[in-house]
Amino acid sequence: MRRVGRSWGRYPVTTEQVVTLLDRHAPLPQPDHGFALPIGNARSYGDSCLNDGGTLYAIRGLDRFIAFDPTTGILTCEAGVLFSDILDLVVPQGWFLPVTPGTRFITVGGAIANDVHGKNHHRAGTFGHHVLAFELLRTDGSRIRCSPDEQSDWFSATIGGLGLTGVITWATIALRRIASPWMSAESHRFANLDTFFELSQASNQDYEYTVSWIDCAAQGNALGRGLFSRANHAPNPSDAPASPPRQRIGVPVTPPLSLINPYSLRIFNWLYYHRQRKSVRHDTVHYQPFFYPLDGISDWNRIYGPKGFVQYQCVVPPTAAETTMRELVRTIGNEGGGSFLAVLKQFGAKPSCGLLSFPREGTTLALDFPLGDQRTLPLLDRLDAIVADVGGAVYPAKDARMSGPSFRKYYPSWEAFSRFIDPGLSSSFWRRVTE
Amino acid sequence: MQRVLIIGATSAIAEAVARIYAKRGARLFLWGRSSSKLQAMADDLGVRGAVAVGHASLDVNEIQEHASMLDRAWNELGGIDVLLIAHGTLPDQHQCEIAVDIALREFATNATSTIALLTLAAQRMEQAGKGSIAVISSVAGDRGRANNYLYGSAKAAVTTFLSGLRQRLSHHGVNVLTIKPGFVDTPMTRDFKKGALWAKPSAVASGIVNALDKRLSSVYLPWFWQGIMIIIRSIPESIFKRLRL
Ligand SMILES: Cc1cc2nc3c(=O)[nH]c(=O)nc-3n(C[C@H](O)[C@H](O)[C@H](O)COP(=O)(O)OP(=O)(O)OC[C@H]3O[C@@H](n4cnc5c(N)ncnc54)[C@H](O)[C@@H]3O)c2cc1C
Ligand SMILES: NC(=O)c1ccc[n+]([C@@H]2O[C@H](COP(=O)([O-])OP(=O)(O)OC[C@H]3O[C@@H](n4cnc5c(N)ncnc54)[C@H](OP(=O)(O)O)[C@@H]3O)[C@@H](O)[C@H]2O)c1
């Protein structure tokens, strides 16, 4: 079936032929339209899950569990199984995902191909660190079983490999034990970036999950003010309600204009910062609103209007982190751009296992920019220059615009990686940054 | 614990139904065509909570094998509480107009095989004096349309057969459910352009299990198809014949 494709950022808009895979034992159908690319749940923001003019192998049809051992927490499933399905199955049995991004509507294959990270990066590393094995199906029909000690070069090329090394058909992952679905969380208001770094340093040891939201509109002494959240899995509280809070509202249509503009942003950010009256707040919260605040609003990406939006996520190394973050936030604030959610977090030192993995030691900043705003793209180029200068990197899963030279600077192993690319696969992203 | 036999088990709708029963801790027997697909499905249902999952493959058009296959399922499950018949094909109507053998083969897959299966299964269920039989028919069986009347007439045969069977078995404690889905996004309808009327297999599956639990006689899924079909059925034939729908 032909489809007009969009990723989560609703930009760019592409056309491809979609072929749904339903049987992991079957060979890959030959694409009759150019190159193919596996696609998971299209929760990447830019064009790394798109393949304009080509074919998409829709992996969501491979959504079967294969084996789960509730005594060891080792789960094997097909690559199109969603994190939300895994949670529904394992949380009642006392297990949790070892690493999860800010949405649970992603597939296991997508999580591997972007080597995703979560709020526990400083402790758990990336998702790839918890992958015990998977099968790679190539367009020539060959199947490669990969693990840290079998075909380990294919293992590390495929983790973070942007779907280009072949189709992951199934994977085995190691889950993490939990005592309850509840989190014991704290939120600290901080006045500026210096305090963020202090809080982060002080929390990384004792808190499994840390993340901050910052107000990009605040400048001067308040530059980088925000809320710092840190949490651990909680024991079962005696007074816990039986089920998670039901909150699913939606954005039913795309408004003709972006609802995000400098005025609404400034107001939102001010309200968000001042929402919390005390400087520290303790809560016991269910894991769903804690990890997935945006999953409660379906199609929230529509608020940016018909032109869509880009997300920008970069990481800068620890030595340069404080000065570079200040420079980035100042540059963004000066433009009046920035977003509802500017997220700041310190990554840990554990090296990622993928050749092209994004996470590396340092501090990461992520925010949304509406594409309706003409200043956005030039601003992002300026941010790129700052990040490249200090040896940082930008996240392909959230990118629709970085230049080829920037990509190759951020990911010097791209040439070594190229040898593992399946000759039948390609993506809009890959063509953009390498051709 | 419910014992569930599904024929055409690897159908997208049937698989979604099986997952609901698995989560409830049912015992299942899956009858399909492809043993690798059946094995993958059985493993999945086991992880999701099914107490036991057996499976076997057979083309439903091998009617002489039906009896031994049903025996096997009945024995493996130790009796059956729910029988779901879900297999089907969506024939190319144009091919059915130019080739009699294709038309009859498609009618056999969608109607004759189902009537054969129901005849044997009804004997067993009648004897047991309890349980439910559910068959996926279609809104297409409510009225013949130019672009799929071979399929529609096969589904109409099934619907009418079920209506009679329901009357007969209602005196024996066995419920018979006719399921009439509208447009469902499954491999069968892969090449169709999808719009607002299209439903997901998981949504149709919960409607099916709900109707089974309530021992309903007939159900349109999603519900709004009932209204659409009342209108479509009420159009006089003299006008209907000129419509393009
Ligand atoms: C609200 C929100 C919050 C997010 N938060 C985070 C976060 O905190 N951390 C983070 O790391 N990311 C985050 N992301 C990004 C998201 O986690 C990643 O983009 C993820 O990879 C999306 O998975 P998907 O299943 O939707 O895959 P898609 O977006 O469909 O595809 C992603 C990549 O995986 C490849 N792929 C998919 N399936 C397979 C397969 N079976 N075999 C081989 N390759 C395959 C595709 O080719 C593509 O390159 C967030 C996204 C959203 C929308
Ligand atoms: N999709 C719709 O819009 C829609 C609407 C109304 C009614 N229905 C009905 O819903 C039921 C399920 O269909 P679906 O939509 O879930 O499509 P599907 O996934 O394509 O399922 C059809 C199933 O029928 C099986 N089958 C076909 N011929 C067979 C044969 N000769 N012997 C054994 N099995 C055979 C197929 O087996 P394999 O897996 O081995 O191919 C497949 O599992 C069908 O009765 C269909 O008519 C569907």
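The values are calculated or read from the model by the stated rules, or taken from the named source; none is laboratory data. Only a predicted model underlies this, so the values are computations on that prediction, with no experimental measurement involved. Quick reminder, even Gly has a Cβ in these numbers, built from the backbone with ideal geometry, and neighbours come from all protein chains shown. In case anyone asks, the SASA skips ligands and DNA or RNA and just uses the protein heavy atoms, side chains included. Shrake-Rupley method; radii C 1.70, N 1.55, O 1.52, S 1.80 Å.
Quick notes
- Set side by side, the residues B:Trp223, B:Trp198 differ, and just one is within 14 Å of chain A (Cβ to nearest Cβ), open to solvent by 30 Å² or more (accessible area, probe 1.4 Å), modelled with pLDDT of 95 or more and away from ligand 1 (no atom under 16 Å from the Cβ), which is B:Trp198.
- Test: residue in segment A:94-102 that is near ligand 1 (Cβ under 9 Å from one of its atoms), outside the structural domain of A:Gln205 (by TED's automatic domain parsing), among the polar types (S, T, N, Q) and under 26 Å from A:Gly296 (Cβ atoms): yes
- A single member of A:Thr139, A:Thr126 is in contact (Cβ under 8 Å) with a residue 24 or more places away in the chain, among the hydroxyl-bearing types (Ser, Thr, Tyr) and open to solvent by 10 Å² or more (accessible area, probe 1.4 Å), and it is A:Thr139.
- Residue in segment B:121-132 that is open to solvent by less than 60 Å² (accessible area, probe 1.4 Å) and more than 21 Å from B:Gln2 (Cβ to Cβ) present: no
- Selected residue (only one of A:Leu87, A:Leu132 is modelled with pLDDT of 95 or more, out of contact with any Asp or Glu (no Cβ under 9 Å at 6 or more places or on another chain) and open to solvent by 10 Å² or more (accessible area, probe 1.4 Å)): A:Leu132
- Selection count, segment A:144-174, where residues are assigned to a loop (DSSP other than H, G, I, E, B) and closer than 21 Å to A:Asn41 by Cα: 8
- For segment B:1-18, the candidate set comprises residues that are surrounded by 24 or more Cβ atoms within 10 Å (Cβ to Cβ) and assigned to a helix (DSSP H, G or I); within that set, the residue that is nearest to the other protein chains (Cβ to nearest Cβ) is B:Glu15.
- Some residue of segment B:74-91 being within 12 Å of another protein chain (Cβ to nearest Cβ) and surrounded by fewer than 17 Cβ atoms within 10 Å (Cβ to Cβ): no
- Residue count, segment B:172-192 (criterion: within 6 Å of ligand 2 (Cβ to nearest atom) and among the hydrophobic types (A, V, I, L, M, F, W, C)): 3
- Scanning segment B:47-62 for residues that are more than 11 Å from ligand 2 (Cβ to nearest atom) and surrounded by 15 or more Cβ atoms within 10 Å (Cβ to Cβ) turns up B:Val47, B:Arg48, B:Ala50, B:Val51, B:Ala52, B:Val53, B:Gly54, B:His55, B:Ala56.
- None of A:Gly40, A:Gly9, A:Gly5 is modelled with pLDDT of 85 or more, open to solvent by less than 40 Å² (accessible area, probe 1.4 Å) and within 23 Å of the chain's Cα centre (by Cα) except A:Gly40.
- Highlighted here are the helices (runs of 4 or more DSSP H) found entirely within segment A:224-337 that include at least 2 residues which are open to solvent by less than 30 Å² (accessible area, probe 1.4 Å) and modelled with pLDDT of 90 or more: A:287-291, A:321-334.
- So A:Arg10, is it more than 14 Å from chain B (Cβ to nearest Cβ), assigned to a loop (DSSP other than H, G, I, E, B), of a type in the set (Lys, Arg) and closer than 16 Å to A:Asn114 by Cβ: no
- A Cβ distance below 8 Å, combined with a sequence gap of six or more or placement on separate chains, defines the contacts here; from segment A:179-192, residues that are at negative phi reach residues that are of a type in the set (Gly, Ala, Ser) and open to solvent by 40 Å² or more (accessible area, probe 1.4 Å) in the pairs A:His188/A:Ser279; A:Arg189/A:Ser279.
- Pair list, Cβ < 9 Å and 6+ apart or interchain, from segment A:60-77 residues that are within 8 Å of chain B (Cβ to nearest Cβ) and among the charged types (D, E, K, R) to residues that are open to solvent by 30 Å² or more (accessible area, probe 1.4 Å) and assigned to a strand (DSSP E or B): A:Arg64/A:Trp170
Every residue, every condition in (1) away from ligand 1 (no atom under 16 Å from the Cβ); (2) within 26 Å of B:Ala18 (Cβ to Cβ); (3) among the polar types (S, T, N, Q), yes or no:
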site	(1), (2), (3)
B:Tyr149	yes, no, no
B:Leu165	yes, yes, no
B:Val174	yes, yes, no
B:Pro181	yes, yes, no
B:Thr189	yes, yes, yes
B:Ser217	yes, yes, yes
B:Ile232	yes, no, no
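- Residue among B:Ile102, B:Ile85, B:Ile7 that is within 20 Å of B:Leu150 (Cα to Cα), modelled with pLDDT of 95 or more and within 9 Å of ligand 2 (Cβ to nearest atom): B:Ile85
- Test for A:Ala42: is it among the small types (Gly, Ala, Ser) and either within 14 Å of chain B (Cβ to nearest Cβ) or away from ligand 1 (no atom under 11 Å from the Cβ) (or both): no
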